[in-house]
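Report on one structure; see the data block that follows.
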């Protein structure tokens, strides 16, 4: 899928960074992605860097901004689906399980999207967790339990997933068109 | 930006409750909680509930939605009922395969196949 047209400034105009903190979390946060995805060309890059309170609408707004960039920059439908799923799970993990819906705690998001790769880092301010201690939800004895599947889906759909800072920070990478281990 | 329409459309086919998801996304926590509550109420209406969940409109679902479906399955089993899932699109079916929930649920290709799969009690 080809994005953009003949505007030679399109690539350059999309490479800047925009930083801001969203305030109240009431309703959608304001736009802060760099570049206009509608003008992206093959060398484009979109960066989304923001901090949000632990509220679902604020999380949803950031997800929409990142997904908008992913779609406009030309990710395949399956890679877009993968990022949407992983983003949803990662945001819920940060807001609900990490920050326990505490509105005084924030979630920090940094996403960099190019036509080849999307790199997304999400960090919460909770106590962290031990990835190795999360039970495997695909084992028969765990199959009817209702936890652990979000992490499994993130790790299945993204190409590279790394938990750091005691589990508070998640960095995940999706290479456009590369579908690992989902069969 | 929540959608205003009810998340489920319920109809009856003989003794089978046919439930369609009306939204293309089963992601939002509040939405999932509401769907779970509606399904639980429906399950509790009969002794051996037969429930068919039709996913033909669904393009996205989250692990929270899967958790809700597992609870629904457990509740139906406790009441000696039967649950069938149908109309799941390939990319959503992949989510069931990754989580191995395709081994937990009885999943049929479409609604008519699913209706035929219920057994008399």
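Hey, among the residues in the range B:35-60 that are within 14 Å of another protein chain (Cβ to nearest Cβ) and touching a strand residue (DSSP E or B) at 6+ places or on another chain (Cβ under 9 Å), which one's surrounded by the most Cβ atoms within 10 Å (Cβ to Cβ)? Among residues in the range B:35-60 that are within 14 Å of another protein chain (Cβ to nearest Cβ) and touching a strand residue (DSSP E or B) at 6+ places or on another chain (Cβ under 9 Å), the one surrounded by the most Cβ atoms within 10 Å (Cβ to Cβ) is B:58. Against the test of being at pLDDT below 95 and either within 25 Å of residue B:13 (Cα to Cα) or assigned to a helix (DSSP H, G or I) (or both), the options B:114, B:120 yield a single qualifying residue, B:120. Could you tell me whether the range B:87-95 includes any residue that is surrounded by 18 or more Cβ atoms within 10 Å (Cβ to Cβ), in contact (Cβ under 8 Å) with a residue 12 or more places away in the chain, in a helix (DSSP H, G or I) and under 12 Å from the mean Cα position of the chain (by Cα)? Checked the range B:87-95: no residue is surrounded by 18 or more Cβ atoms within 10 Å (Cβ to Cβ), in contact (Cβ under 8 Å) with a residue 12 or more places away in the chain, in a helix (DSSP H, G or I) and under 12 Å from the mean Cα position of the chain (by Cα). Of the residues B:13, B:29, the single one that is more than 14 Å from the chain's Cα centre (by Cα), away from chain A (no Cβ under 14 Å) and at pLDDT below 95 is B:13. Among the strands (runs of 3 or more DSSP E) confined to the range A:70-183, there are none with at least 3 residues that are surrounded by fewer than 17 Cβ atoms within 10 Å (Cβ to Cβ) and more than 14 Å from the chain's Cα centre (by Cα). Among the residues of the range A:115-144, those identified as over 23 Å from residue B:95 (Cβ atoms) and out of contact with any strand residue (DSSP E or B) (no Cβ under 8 Å at 6 or more places or on another chain) are A:115, A:126, A:127, A:128, A:130, A:132, A:133. Among the candidates A:16, A:42, A:5, A:11, the residue that is more than 29 Å from residue B:28 (Cα to Cα), surrounded by fewer than 19 Cβ atoms within 10 Å (Cβ to Cβ), modelled with pLDDT of 50 or more and out of contact with any helix residue (DSSP H, G or I) (no Cβ under 6 Å at 6 or more places or on another chain) is uniquely A:42.
The values are calculated or read from the model by the stated rules, or taken from the named source; none is laboratory data. Computed from a predicted structure; not experimentally measured. Quick reminder, even Gly has a Cβ in these numbers, built from the backbone with ideal geometry, and neighbours come from all protein chains shown.
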